[in-house]
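The values are calculated or read from the model by the stated rules, or taken from the named source; none is laboratory data. Owing to the predicted nature of the structure, the values given are computational and were not obtained by experimental measurement. Cβ placement follows ideal geometry from the backbone for every residue including glycine, while neighbour counts extend to all protein chains displayed. The area values use the complete protein model at the heavy-atom level, side chains included, leaving out ligands, DNA and RNA. Shrake-Rupley method; radii C 1.70, N 1.55, O 1.52, S 1.80 Å.
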Amino acid sequence: MPGLISEKLDQAAALIAQSDLDVWLTFVRETFGGSDPVLPFLIQGGLTWQSALLVSQSGKKVAIVGNYDADAIVASGNWDEVVPYVQGLRDTLIAKLEELVPAGGKPRIGVNFCSDDVKADGLSHGMFLLLESYLKGTRFEGCLVSASNLVTTLRGVKTSTEIERMKGAIKETELLFDWVDKHARLDMSERDLYDGIQSLIESLGLGYAWDKVGDPIVNFGPDSMGGHGIPSDTIFLAPGQILHIDLGVTKNGYSSDIQSCWYVPHPGETEPPADAQRAFDAVIGAISAGAAVLKPGVQGWEVDAAARSYLVAQGFPEYLHALGHQVGRVAHDGGAILGPKWERYGRTPTIPIKEGEVYTLELGVFVEGRGYLGIEEMAQVTATGVEWLTSRQMDLPVLKL
């Protein structure tokens, strides 16, 4: 995706120019099988030897990479300068920092570590120590600072290309829900439906937005495993249940994350019973209450509080998670969240929302004797509010058996 990488590098350069960093340094090695989450925004493919990817306050982009990785980086056309090395990169790195960072004052070299956001925490402790050793005895010693604000913004604020790719993933997911609506049957187990959805995902050449073993989440009725459970081969679809699915796919490197529900009717039933309808209305109303607050500058906990208080006012218990999270290359894409100020979320609920970010809004309630009723939609933050990227589920359909 070279066009997208060029967009994201230009975005990074603009972000650095607005920051107090002199240079942003992404430091990686042996990236296949696990690497810095920011790397796919910077290069296509992977890197083998120690590599230093630098973007300076002036906007210059320099890649110091192993000799055998250099040609591919040059061919991408995304970097102003590609510097190959053979024996070691320390001297080249110091020389480039001297060139890019003006003399005078203590330099600020932004690197990718963060205590709150896993997607901005790509620099391993070992690599941090190695980098410190390279800078020892130079004017850059002791100058490493967190670049988390830059990384979370780069990842979170989507370009038009990223939004179009996400819309593609959403469209595929909604088509999969249409397939469920047509193919769910009373003789199916949770595992049967799960296997059918996964077979279709793979036949379409799509990927999974989170771990394959838990994607999709399929729930039939009150005995189903909750949360991030796995589907059962002994729980079968039955009248009176709620059928709930949480599904995300990846297409062209970008993901979806959507939940949908159906009511499974008894013979002769043509509409959901009152208890299921009441629960559905409360969930939809809570999502709408949160969406009404979601706009640039608001903190995520405020959005969550609006949805949470609405749900409680309808007589339902609080949900035990955040209202929403960012979506991008994967379903849980880091950065600010729409969640309460709980210890486990660190500072992420207090990061101001930015225009261009994409969030899920998700919550649910348990309906006694029927199962879990949860809905999840995706929305992009605009200058004045939100634009729904999903086709909102505004009614509880009766499954046609």
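Say whether the condition of being open to solvent by less than 70 Å² (accessible area, probe 1.4 Å) and part of a helix (DSSP H, G or I) is met by at least one residue in the stretch 99-112. So far as the stretch 99-112 goes, yes, one or more of its residues are open to solvent by less than 70 Å² (accessible area, probe 1.4 Å) and part of a helix (DSSP H, G or I).
Scanning the stretch 247-270 for residues that are assigned to a strand (DSSP E or B), within 30 Å of PRO40 (Cβ to Cβ) and open to solvent by less than 20 Å² (accessible area, probe 1.4 Å) yields LEU247, VAL249, TYR254, SER255, ILE258, GLN259, SER260. For LEU396, indicate whether it is under 29 Å from GLY240 (Cβ atoms), more than 18 Å from the chain's Cα centre (by Cα) and open to solvent by less than 20 Å² (accessible area, probe 1.4 Å). For LEU396, the condition - under 29 Å from GLY240 (Cβ atoms), more than 18 Å from the chain's Cα centre (by Cα) and open to solvent by less than 20 Å² (accessible area, probe 1.4 Å) - is met. Might you let me know whether the stretch 139-162 holds any residue that is touching a helix residue (DSSP H, G or I) at 6+ places or on another chain (Cβ under 7 Å), modelled with pLDDT of 95 or more, of a type outside the set (Phe, Trp, Tyr) and open to solvent by 70 Å² or more (accessible area, probe 1.4 Å)? There is at least one residue in the stretch 139-162 that is touching a helix residue (DSSP H, G or I) at 6+ places or on another chain (Cβ under 7 Å), modelled with pLDDT of 95 or more, of a type outside the set (Phe, Trp, Tyr) and open to solvent by 70 Å² or more (accessible area, probe 1.4 Å). Scanning the stretch 156-181 for residues that are part of a helix (DSSP H, G or I), out of contact with any strand residue (DSSP E or B) (no Cβ under 8 Å at 6 or more places or on another chain) and either without any contact (Cβ under 8 Å) to a residue 12 or more places away in the chain or not hydroxyl-bearing (Ser, Thr, Tyr) (or both) turns up SER160, GLU164, LYS167, LYS171, LEU175, ASP178, TRP179. One residue stands out among those in the stretch 118-138 that are open to solvent by 60 Å² or more (accessible area, probe 1.4 Å) and either of a type in the set (A, V, I, L, M) or touching a His at 6+ places or on another chain (Cβ under 7 Å) (or both): the one that is modelled with the highest pLDDT, which is LEU129. Counting only strands (runs of 3 or more DSSP E) that sit wholly inside the stretch 306-390, those with at least 1 residues that are in contact with a Pro (Cβ under 9 Å, 6 or more places away or on another chain), among the β-branched types (Val, Ile, Thr) and crowded, with 20+ Cβ neighbours inside 10 Å are 358-367, 371-381.
Among the residues of the stretch 1-25, the one identified as under 20 Å from the mean Cα position of the chain (by Cα) and not in a helix (DSSP H, G or I) is MET1.
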